[in-house]
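Below is one structure, written out as structure tokens; the observations come after it.
Read-outs: derived from the displayed coordinates by stated rules, not from any lab. Everything numeric here is computed off the predicted structure, so don't read it as measured data. No Cβ is skipped: glycine too gets one built from the backbone with ideal geometry, and neighbour counts run over all protein chains shown.
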Amino acid sequence: MQNFDFDLFVIGGGSGGVRAARMAAQRGARVALAEVAAMGGTCVNVGCIPKKLYSYAAHYAEAFEESHGFGWAGEAPIFDWEVLKANRAREITRLNGIYQGLLLGAGVTILTGWATLVDAHNVKVEEKTYTAKNILIATGGTPSVPAVKGREHIVTSDHMFDLTPFPKRLLVVGGGYIACEFASIFNGLGSAVAQVHRGEKLLSGFDDDVRTFIAGEMARSGVNLQFNSEVAAITKTAQGLRVELKGADARAFTVDAVLYATGRVPNSSGLCLAEAGVTLNPKGAVEVNRHYQTSLPSVYALGDVTARLQLTPVALGEAMVVVDHLLGAAAGKNPRSMSYEFVPTAVFTHPNIGTVGYSEADARKEFGKVSVFRADFKALKHTLSGSGERTLMKLLVDDATDKVVGLHMVGPDAGEIVQGFAVAMKAGATKAIFDSTIGIHPTVAEEFVTMREPVKAAVAAKA
Ligand code: FAD
Ligand code: NDP
């Protein structure tokens, strides 16, 4: 039997890689992890965490504004971008250290540098080659920017956290998670934000009511939304970056920064994956089976490099399934499996979107007869705040089983609220169970258990 340097060699120290390395080492495996940049990957360094911190920062603008209706008075506070950047950087450095410490504490060997796959059992980091019984590719993804005239002037989400100086005028291209979140955040922080999207609605894949509603809320809060629009060219002028949109009557904007948030591609190039025998799909994602095994059975892959659901908790969940598959389940437990049904998600727009389960259109395709319960209202807080913000809550019920198969919200803390309902839906909660649940009053969340009459009774899907 061959002696390997390691039982498991993980390439990439992001959400999935760190979780897999740490869990495997805690089970007694000899584990190495190679990371070329800061420990923690996208989520910690240029994703979820700094984004959410900036979202908190941006919410203060409306909080100060709304406080007047509750009797608070005084001069409007001044926002200092340099303070926010410095405090964020300090916190991220602290988190990098925590991730490093967790790995070292579990006994993982950390290797710093760019790793490439040599073959089924060999990984090269910089100039040194290591052998491993199993290899895990957890190299994540990276922003994808289409060819556009003036592409050299644009920035991606990776750059947004440290822009210098603060962009007083920002143009965001895209209508997905990142575009909507950054448009909301910088609008809240005080930028004049225009968002240019090629489609008719934001956030494709989300429930249509949610897509329409969030656009209304973002526009109300000041984001200048341009639908069915594409960028023709970006040029540098003495006044800033001039962005021309396509079409004869198309508008032009002069801004300080142009953010392209037009999707992400798997980090699968430069790793010699195809050369080593790992099959990639046409979009460069690593192909895996239900055990996350690639076409080389000793080599596994998970997270954004497999380009399925690009979410941190999904990468974490997949990591635990891989560890159980390789090392067996923890004592007294069954091996974990991963279900992609009812994965909750939030978009940290202002207000937030929280969603779990099917959109109305998908629910009709899947279940046929679906009843729709919907509430659109002004929350109690805004009776005094002076804000025109409204909240949307929507439930979709499969008529045949009475199960709640879709739950959607646009409103403050929607992510926090929807997380708990996701547990109920995983457990198969029916509308009758929602109805028999006592609300917590006065909250916004209680609306989910008090929607009595459907706005659309169950109708069969149109052929
Ligand atoms: P990553 O976290 O990207 O880690 C991959 C790591 O591999 C990186 O550290 C990289 O440096 C390293 N690497 C790559 N190639 C090599 C190599 N050859 N050798 C050595 N190291 C290598 N998800 C949420 O759930 N909630 C959110 O709020 C959220 N917000 C986001 C905001 C933004 C702006 C972005 C961009 C993403 C956000 N995401 C969010 C998505 C989330 O960050 C990713 O789904 C998650 O980080 C994927 O984890 P991963 O382990 O697959 O890859
Ligand atoms: P998304 O796939 O969410 O959105 C990409 C957007 O760019 C879409 O609106 C798409 O339009 C548009 N687009 C794509 N190509 C072009 C082009 N050539 N020209 C103009 N527009 C284009 O990607 P993001 O980059 O926003 O985010 C990547 C992933 O990261 C997300 O899908 C999500 O999984 C994850 N993420 C999660 C977050 C969270 O959990 N809160 C936050 C941020 C990211 P169209 O719809 O027409 O295709």
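Remarks
- Spatially near lysine pairs across region 157-292, Cα under 26 Å, sequence gap of 8 or more or different chains: 6
- Pair R336, S295: separation of 7 Å Cα→Cβ label points (nm): 2.9
- On Cα atoms only, tilt of 15-26 relative to the major axis of the chain in degrees: 50
- Compared with the dominant Cα axis of the chain, that is its longest principal axis, helix 81-106 is turned about 30°.
- Taking amide H positions as modeled 1.01 Å from N, with prolines and chain starts lacking one, the residues under 5 Å from R169 and 5 or more places away or on another chain are A192, D256, A257.
- In the chain, a dipole from Cβ-located charges (positive for Lys and Arg, negative for Asp and Glu) runs towards its positive end, and of S15, P165, P335 it is P335 whose Cα lies farthest in that direction.
- With the Kirkwood sum run over all distinct C-alpha pairs, the chain has a hydrodynamic radius of 24.2 Å.
- Ratio of Rg to Rh over region 255-375 (Cα coordinates, Kirkwood Rh, two decimals): 1.06
- Summing charges over all other residues whose Cβ lies under 13 Å from the Cβ of S295, with Lys and Arg as +1 and Asp and Glu as -1, gives -3.
- Column: log10 I(q)/I(0), Debye, Cα scatterers of region 359-402, q = 0.18, 0.28, 0.30 Å⁻¹: -0.59, -0.91, -0.99
- On Cα atoms only, tilt of 177-189 relative to the major axis of the chain in degrees: 60
- Reduced Cα scattering model of region 311-402, Debye log10 I(q)/I(0), q = 0.12, 0.20, 0.22, 0.25 Å⁻¹: -0.64, -1.01, -1.08, -1.20
- Cysteine residues of the chain whose Cβ has no partner cysteine Cβ closer than 4.7 Å: C180, C272.
- Label-to-label distance, R452 versus R198, with points set 7 angstrom from Cα along the beta-carbon direction: 4.8 nm.
- Among 207-219, 351-363, 233-245, sorting by the average number of other beta carbon atoms lying within 10 angstrom of each residue, highest first, gives 351-363, 207-219, 233-245.
- The alpha-carbon atoms of region 84-208, seen along their principal axes, cover 52, 34, 33 angstrom, with the largest extent given first.
- Each stretch of four or more DSSP H residues adds -39500 (n - 2.57); spread over every residue of the chain, this sum gives -9500 deg cm²/dmol at 222 nm.
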